[in-house]
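FYI, it's all coordinate maths here, none of it is from the lab. Bear in mind the structure is a predicted one, so any value in this text is a computation, not a measurement. In this analysis, Cβ positions are derived from the backbone assuming ideal geometry, glycine residues included, and neighbour counts consider all displayed protein chains.
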Amino acid sequence: MNAALELRSVSKSYGNQRAVERVSLTIPRGTFFSLLGPSGCGKTTTLRAIGGFESVDSGEIWLNGERIDLLPPHRRKVNTVFQNYALFPHLTVLGNIEFGLRQRGAGPFDEPVRRVLEQLQLAGKESRRPSELSGGERQRVALARALVLSPELLLLDEPLAALDPQLRKQVRAELKDLQRRTGISFLFVTHDQEEALALSDALAVMNHGAIEQIGAPTDLYLRPATRFVASFLGTMNWCNGVGVRPEALKICRGAPPDGHTPVHAVISRAIFLGPVTQIELRTASGDVLLAQVAQGGDVYKPGEAVQSWWNPADELRLTP
Amino acid sequence: MRLVLALYALLVFAFLNVPLLILAVFSVNAGRFTSWSGFSLRWYQAMLADGNLMESAMNSLVIAGVSTVAATLLGTMAAYAVWKRKSNWFSGSLYLSLVMPEIITGISLLALFQWAFRFLRLQLGMHTVVLAHVSFSLAFVVVVVLARLRSFDPSLEEAARDLGATEYSAFARVTLPYMMPAIIAAALLAFTVSIDDYVITSLVAGIDSQTLPMVIYAMARRGVSPVLNAVSTTLVVALGVLILISHRLRSL
Amino acid sequence: MVLTLAAPLLIVCAYSMLSRGAYGGVELPVTPENYARLFTPLYAGIFLRSFAVAGIATALCVALGFPLALFIARSRRPNLCLALVILPFWTSFLIRIYAWIFLLRDTGLINTVLLRLHVIGEPLPLLYTNGAVVLGLVYGFLPFAVLPLYAVIERVERQDKVLLEAAADLGASSTAVFWRMLVPLCMPGIRAASLLVFVPCLGTYLVSDLLGGSKTVLIGNVIQNQFTASRDWPFGAALSIVLIVAAAAMLYAGRRGGAELA
């Protein structure tokens, strides 16, 4: 009984279109769990089903040992941070944060509200309207509004998508800290693989309404179970039926060390990226490969014929 | 080029507004004829002393009041329902009822009432006028409220539900406050079109339900009268204030 | 909405196929007679005149409204200008027509002033003419045209400003930019404005009744007459059906053709 959330074979379709297909997963208590996938993969539908905004066709949703899939949204002890935050425009910051507590009717609110205002650095902004806040502040109000209710699980629907890129990295770190400090389980939905890898204790990759693989970020990156996971998390070269990450692909002008089979290729592009130079190669069979050469190593020019090779330990054999 | 455009615009604004201004000027003219003979409020006094006018104005106020309340309630509910489940078919019929010539609306309602009277022992009167006014103001209310709802983010309602509000309380505490300016604007608009209507009213009115526009029409047919200038000016000013408030609220 | 629009229309449709009752109302049997009467020269002529009057009024409203809408869109205080258009638009249609009676009649303001100035020897016959009806319609429905025109021009000048600039860059004079870029880009609004003016004008009753007198009889007046003085409801219903079908068809065609209503 240490699972915060458990989905048991949840399915949902709209007309003929299957949005979510027999999705099962377990989120242990106190973890930061991400649902990662391209748009239209069913991750948002899954999130909305947990929140209670979509009914499920079949399957069960359990929250801390209680079945919740038949409850209306307001009876579920989960709260959501919406993609565009959905702050009530006619209420102040304080009004937004107190909204949920007032619905419960249990007072006094002062203590939890003060704590959450402090936690999210919103003290002094209580009487502002959402329209008077910056993007980052809005996001923190959305978090505060949900966290003040001490949910058993917090759902976050691409909460960083509305922020500009520089802010995003900073907020990402704060989000992780917040989760650790509060100990509340987070279910984070995103299409950004870097975000998911950086934040999650565990993640599930979804595609076409189904889960492709669940595991820790390193497991998924180093031991992807499907070609989709391999390609979606980072970049993957496919050569002669095996996959090799660009950072594992090596190139040389002469012969590779003993025991390694060389692949002949011609350099088609070399893009300087600062710490590394990204080399694009074209093999005799027409495959395009990417490799990385660290700053200070050999310099390669487009048109040059080279040999590429890799350690067999780094290669991945996956059925398409 | 800019100057030409500005001069032209000035002319059109004059074309739209000066005829009403002239009525206002002549409503305070002491003389009976179309030549200025000094300032006087005698026509306003005559207007207030005219029993027939005052009675019909009272009728108009009652009809407009009742039908505004009913049309605003029904129209708001209808707009909310349409917003919840989008329907092309509905918006088509909404525009049709907005541009439909009044005479058609009037005779359709008359036909409907007469048909219904075959089964009910009723006659044309205040109730049929009120029903007719509710039915034609409804479209205005729906359009105004719907326009406001179009800019409403549906996830706000979901957020309220997520934070523990029941469906009813999410509507009452989040959606309704958002709709409120539009609802008030719609009510003012419904009141104006109701106070103003002649064509439909004259078709479905009974003997006991003579409204202000019906009296104005009868006076206008008989010809020009200074009392009518006073009535017109009063009505234009009163309705103008309502419309300005309504317009303000809608552009919030 | 279904109840307030569809139910009365169904009843009008049914009435149009029945026989005339003795004191108004309708009786059996079902007859095509009412529709046959529409094709007599008298009524065909009235239909034709109604279309012509509505067409002229619509063309004038759009032609007069477009430059005004352009001015409002470019003005620094568009809300004030819009108020000057909207205010007379919503304040009592009846009174606005009465204002023109006050101005146009033989002893009205225009004739009085012209007589005093000795421009004319005897009053001009202004009231109770086709011209007075068209004037009343333009006066009454000009705001109907200005609002959608303003909406579309404002949007085009904001969103597609770069297109107008590109046209000028490619050598188009400001006249050419107006006719070959602005007007075509505003076409959805022009269509909407035409519809919003034409349909109500086609069925107008008050304007022709008060400003046209007995000389300018339009469909609206005939319909009203059938339901009141003449007590020939089935024929009035048949006339109404034609008007409704024409209105619905134009609205449908306008929407298919991309008219931006509201």
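Please name which of A:Gly51, A:Pro112, C:Pro29 has its Cα lying farthest along the dipole of the protein assembly as shown towards the positive end, using unit charges on Cβ (Lys, Arg +1; Asp, Glu -1) and the Cα centre as origin.
Toward the positive end, the furthest listed residue is C:Pro29.
Under 10 Å, Cα contacts only: if you run a Gaussian network model on chain B, which one of B:Leu149, B:Leu11, B:Leu120 comes out with the highest mean-square fluctuation?
The residue with the greatest mean-square fluctuation here is B:Leu11.
How far apart, in nanometres, would the label points at A:Arg253 and B:Ile184 be if each is projected 7 angstrom from Cα along the Cα-to-Cβ direction?
Going from the A:Arg253 label point to the B:Ile184 one covers 8.1 nm.
What per residue convex hull volume, in Å³, do the alpha-carbon atoms of the protein assembly as shown yield?
On the way: hull volume 219.7 nm³, N = 834.
Once divided by residue count, the hull of the protein assembly as shown is 263 Å³.
Given the C-alpha centroids of the stretch C:159-229 and the stretch B:181-208, what is the distance between them in whole angstrom?
Here the answer is 26 Å between Cα centres.
Pull up the cross-link candidates among the lysines for B:Lys84, meaning alpha carbon to alpha carbon under 25 Å and not fewer than 8 places away within one chain.
Within reach: A:Lys12, A:Lys43.
What ranking of C:Val146, A:Val263 emerges when the number of other C-beta atoms within 10 Å of each C-beta is taken as an exposure proxy, fewest first?
By the 10 Å Cβ count, ascending, the order reads A:Val263, C:Val146.
What aspartates and glutamates sit close enough to A:Lys169 to cross-link, taking a C-alpha to C-alpha distance under 14 Å and skipping anything fewer than 8 places away on the same chain?
Partners within reach: A:Glu158, A:Asp177, A:Asp192, A:Glu194, A:Glu195.
Amide H of A:Ala19 versus every other amide H placed in the peptide plane: which residues, excluding those fewer than 5 positions away on the same chain, fall under 5 Å?
Excluding prolines and chain starts, which carry no amide H, the hits are A:Lys12, A:Ser13, A:Tyr14.
What is the spin-label model distance, in nm, from B:Arg248 to C:Ser173 if the labels are put 7 Å beyond Cα along the C-beta direction?
So the label points at B:Arg248 and C:Ser173 sit 4.7 nm apart.
How many angstrom separate the Cα center of the stretch C:84-123 from the Cα center of the stretch B:1-69?
12 Å
Determine how many Å³ per residue the convex hull of the Cα atoms of the stretch B:68-139 encloses.
About 104 Å³ per residue, rounded to a whole number.
Kindly put A:Arg172, B:Arg85 in sequence by how many other C-beta atoms sit within 10 Å of each C-beta, fewest to most. Mind dumping the intermediate values first?
On the way: A:Arg172 18, B:Arg85 7.
Least to most surrounded, the residues fall as B:Arg85, A:Arg172.
Stick to the Cα atoms of the stretch B:62-250, pair each with every other, and give me the Kirkwood hydrodynamic radius in Å at one decimal. Please report the intermediate quantities before stating the final value.
Working: mean 1/r = 0.0547 Å⁻¹.
Value: 18.3 Å, from the Cα pair sum.
Which three lengths, in whole Å and largest first, does the stretch A:235-314 cover when its Cα atoms are put on their principal axes?
30, 25, 24
So what's the Cα pair-distance distribution over the stretch B:17-66, bin width 5 Å, in %?
Bin by bin from 0 Å, the calculated values are 5, 19, 18, 16, 18, 15, 6, 2, 0.
Using the number of other C-beta atoms within 10 angstrom as an exposure proxy, rank A:Asp258, A:Asp219 with the fewest first. Intermediate results must be reported in sequence, preceding the final value.
On the way: A:Asp258 5, A:Asp219 14.
With the fewest neighbours first, A:Asp258, A:Asp219 line up as A:Asp258, A:Asp219.
What lysines could a cross-link reach from A:Lys250, if we take a straight Cα to Cα line under 21 Å and drop same-chain neighbours fewer than 8 places away?
Within the straight-line cut-off, A:Lys250 pairs with A:Lys301.
Output wanted: per-residue J couplings in Hz (rounded whole) for the stretch A:277-288, from phi through Karplus 6.51 cos²θ - 1.76 cosθ + 1.60, θ = phi - 60°, x for Gly and Pro.
Karplus values, whole Hz, x for Gly and Pro: 10, 8, 10, 9, 10, 10, 7, 4, 7, x, 5, 9.
From the backbone phi of the stretch C:153-164, what are the Karplus-calculated ³J(HN,Hα) couplings (6.51 cos²θ - 1.76 cosθ + 1.60, θ = phi - 60°) in whole Hz, Gly and Pro given as x?
Karplus values, whole Hz, x for Gly and Pro: 5, 4, 5, 4, 5, 8, 7, 9, 3, 4, 5, 4.
Each residue of the stretch B:63-79 in order: what ³J(HN,Hα) in whole Hz does its phi give by Karplus 6.51 cos²θ - 1.76 cosθ + 1.60, θ = phi - 60°, with x for Gly and Pro?
Whole-Hz 3J(HN,Hα) from phi for the stretch B:63-79: 4, 5, x, 5, 5, 5, 4, 5, 5, 5, 4, 5, x, 5, 4, 4, 4.
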